[in-house]
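Written out below as structure tokens is the structure these notes cover.
The values are calculated or read from the model by the stated rules, or taken from the named source; none is laboratory data. Just so it is clear, the structure is predicted and the values come from calculations on it, not from any experiment. All Cβ positions, even for glycine, are placed from backbone atoms using ideal geometry, and neighbour counts span all protein chains on display.
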């Protein structure tokens, strides 16, 4: 991959983050939060997308983003009122920006008129006209980026130091004159910023003259392709510019360049003269070779140190050399130190880095192997070794602690807040409300809860289908809600929280709940439920996850094909999670996703069943009981139950469940009481309890096939393979067997 491809990849990654931020900010703005900082945030996001797009020549993206940015600037200044229509236009335009970005990423070309209607609306609003203006007026489709013809020809400005500024002629009409020096650092180009776009933004404030300073050019054999050999001096004449407004143009490259802004006292009108014979690029290079000593890195000699851009009183027509790697501050302090001082003492540099997920996965796998090795060493130590080699034992204990710390650190690297998925739901709810004619609001809780990135990637589709189900089937129409004494606006609540080694994601609505009679009737019609089979309320609710099941009377673009909730169940099971449904007729429905916090390393209890090792996730275990002390009973159907503190718990004998024969007597076996979905419990009977340890999870489905009751596998320290018990699957499967 070339350097340019790497820069593009970084740009597109940043665009994904910026588009996500735009979604979040506009969602808050739509809810009524019109804080100025939110408007500044969306303006910065669009500006950054536009700036990078211009650097790579994505003209369609740049033109649209520029018009969008101009509208946002007018909104910030109060020249355009932020009405509901304008907010809707902006939200729709974010989609168009995303389409332009995706087209650029994939190398596709969008139609020339794509986004023309929205762009025309931007221009109409900027002119004080209605937002509904259709694209069609020729002036609306003009490229506003081409309004400013900037001449980059070197010029001379005569501002003699011995001539009092008060004696200089004053600019007409009370305009102010400013002199701006702009010296980029190499990082400005590394981050895909383009000075030309900055100058075009500056030209919005008034009339500008730009002087390019090329005095630092080296000879060709010393030329550094990544060096910086050019700075600029800009003379700005404006009746509306202030120092704050000028610096705001450059705020997105703050820390990546050196900027000085000087107001000319008395508002002098600079005498601009263009030389008759301009030196050629080769002449400048030859002059630099003869008179300057090129220093690519390090500090320059006293005789050849390139100076910072000249102060306003100097002759800016004289070339000002620019250091190619690290521009020095005017006072001799390094640019890094100057930038650090300007940022309140904080070190300037990358606070985060982008790392390919495959590289992180390789580290995770190596940490997993380290966990297995550490477990193997621990198992090899018997009492004799512990007594004789105490230093070795202490070393292995330190290794165990270090391994655990390393594992936690790696998992933290992979962890991401679920906010990235939650932020897509407000728009979905708005669209569903518009299509169904219902009033629906979405509440989100715990969006900063962190979860493994691999799990996050599998969450989008299930959550989308669950929210669609709540909006279409759960929330009633306006008349029905009012007749039931409910508010006319239905509520869908989306929440996330950490519970032990799991993440619970809940989608809850205050709608009509599940019509169990209707669900059971459809289940019998489609052969999902036997004619004489009796199901509990929980089992009836779970029928909505059956393939092809739907209660919709007709097929629409929202529901009716019976694939939505089936996708939820299959996707969640792929990542070792489970789904629990609880409904209250007339009051609402709650769907809970229980997901593993991480897909790599798990704390477990190692048990033995019929001579084979099995592991049970430690986060599911409530307590362990010896069989001889357990209070067992039997149901009329013949099933076995365990009475624990007045509660009857279903019992699953793992040896019998997996069709194995054990030689242990019942009194010598153990009960592991586990918690399943919805705070329900299940008691697993095992032959022996070996102890607690960490294991590395391996997918059984990818390496073999899916087995009901088994969530995955792991390799123990002695090299044996142990299967990971799926507690919820065992409970549900056993209940279905008893019901059948």
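Summary of values
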read-out	value
Considering residues of the stretch 199-214 that are closer than 16 Å to residue 178 by Cα and out of contact with any helix residue (DSSP H, G or I) (no Cβ under 7 Å at 6 or more places or on another chain) only, the residue modelled with the lowest pLDDT	204
Selection status of residue 396, surrounded by 13 or more Cβ atoms within 10 Å (Cβ to Cβ) and not in a helix (DSSP H, G or I)	no
Search result, residues across the stretch 218-242 that are within 29 Å of residue 11 (Cα to Cα) and touching a residue at least 12 places away in the same chain (Cβ under 8 Å)	224, 226, 227, 228, 229, 230, 231, 232, 233, 234
Candidate set: the stretch 686-700, residues that are touching a helix residue (DSSP H, G or I) at 6+ places or on another chain (Cβ under 7 Å) and more than 25 Å from residue 653 (Cβ to Cβ); chosen: the one surrounded by the most Cβ atoms within 10 Å (Cβ to Cβ)	696
Options 683, 722, 711; residue that is at pLDDT below 80, part of a strand (DSSP E or B) and surrounded by 15 or more Cβ atoms within 10 Å (Cβ to Cβ)	711
Scan of the stretch 618-631 for residues that are farther than 13 Å from residue 685 by Cβ and in contact with a helix residue (DSSP H, G or I) (Cβ under 7 Å, 6 or more places away or on another chain), ordered by number	620
Sole exception among (1) surrounded by 17 or more Cβ atoms within 10 Å (Cβ to Cβ); (2) at pLDDT 85 or above; (3) out of contact with any strand residue (DSSP E or B) (no Cβ under 6 Å at 6 or more places or on another chain); (4) farther than 18 Å from residue 545 by Cβ for residue 510, by number	(3)
The stretch 417-431, subset surrounded by 17 or more Cβ atoms within 10 Å (Cβ to Cβ) and in contact with a strand residue (DSSP E or B) (Cβ under 7 Å, 6 or more places away or on another chain), residue farthest from residue 469 (Cα to Cα)	418
Residues within the stretch 514-534 that are assigned to a loop (DSSP other than H, G, I, E, B) and modelled with pLDDT of 80 or more, tallied	2
Subset of the stretch 367-393 (residues that are over 15 Å from residue 716 (Cα atoms) and part of a helix (DSSP H, G or I))	383, 384, 385, 386, 387, 388, 390, 391, 392, 393
Single unsatisfied condition, residue 614 versus (1) in the same structural domain as residue 672 (by TED's automatic domain parsing); (2) at pLDDT below 80	(2)
Hits in the stretch 648-680 (condition: in a strand (DSSP E or B) and touching a helix residue (DSSP H, G or I) at 6+ places or on another chain (Cβ under 8 Å))	650, 652, 670, 671, 674, 675
Any hit, the stretch 210-218, residues being touching a strand residue (DSSP E or B) at 6+ places or on another chain (Cβ under 6 Å) and surrounded by fewer than 21 Cβ atoms within 10 Å (Cβ to Cβ)	yes
Leading residue by the ranking (nearest to residue 426 (Cα to Cα)) among those in the stretch 53-78 that are free of Cβ contacts under 8 Å to residues at least 40 places away in the same chain and outside any helix (DSSP H, G or I)	78
Selected residue [over 21 Å from residue 124 (Cβ atoms), assigned by TED's automatic domain parsing to the domain that holds residue 9 and surrounded by 23 or more Cβ atoms within 10 Å (Cβ to Cβ)] from 57, 53, 32	53
Members of the stretch 686-706 found to be in a loop (DSSP other than H, G, I, E, B) and over 43 Å from the mean Cα position of the chain (by Cα), listed by number	687
Members of the stretch 604-629 found to be under 17 Å from residue 651 (Cα atoms) and outside any strand (DSSP E or B), listed by number	620, 627, 628, 629
One residue from 120, 98 being over 15 Å from residue 15 (Cβ atoms), in contact with a helix residue (DSSP H, G or I) (Cβ under 8 Å, 6 or more places away or on another chain) and either crowded, with 21+ Cβ neighbours inside 10 Å or assigned by TED's automatic domain parsing to the domain that holds residue 45 (or both)	120
From the options 196, 217, 236, 179, residue that is outside any strand (DSSP E or B) and modelled with pLDDT of 80 or more	196
Residue count, the stretch 24-38 (criterion: in a helix (DSSP H, G or I) and over 20 Å from the mean Cα position of the chain (by Cα))	3
Neighbours by Cβ (under 7 Å, 6+ apart or cross-chain): first from the stretch 353-364, touching a residue at least 24 places away in the same chain (Cβ under 8 Å); second surrounded by 10 or more Cβ atoms within 10 Å (Cβ to Cβ) and not in a helix (DSSP H, G or I)	364/600
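Condition check ((1) without any contact (Cβ under 8 Å) to a residue 24 or more places away in the chain; (2) more than 27 Å from residue 474 (Cα to Cα); (3) touching a helix residue (DSSP H, G or I) at 6+ places or on another chain (Cβ under 6 Å); (4) outside the structural domain of residue 506 (by TED's automatic domain parsing)) across all residues:
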position	(1), (2), (3), (4)
375	no, yes, no, yes
381	yes, yes, no, yes
384	yes, yes, no, yes
403	no, yes, yes, yes
422	no, no, no, no
433	no, no, no, no
436	no, no, no, no
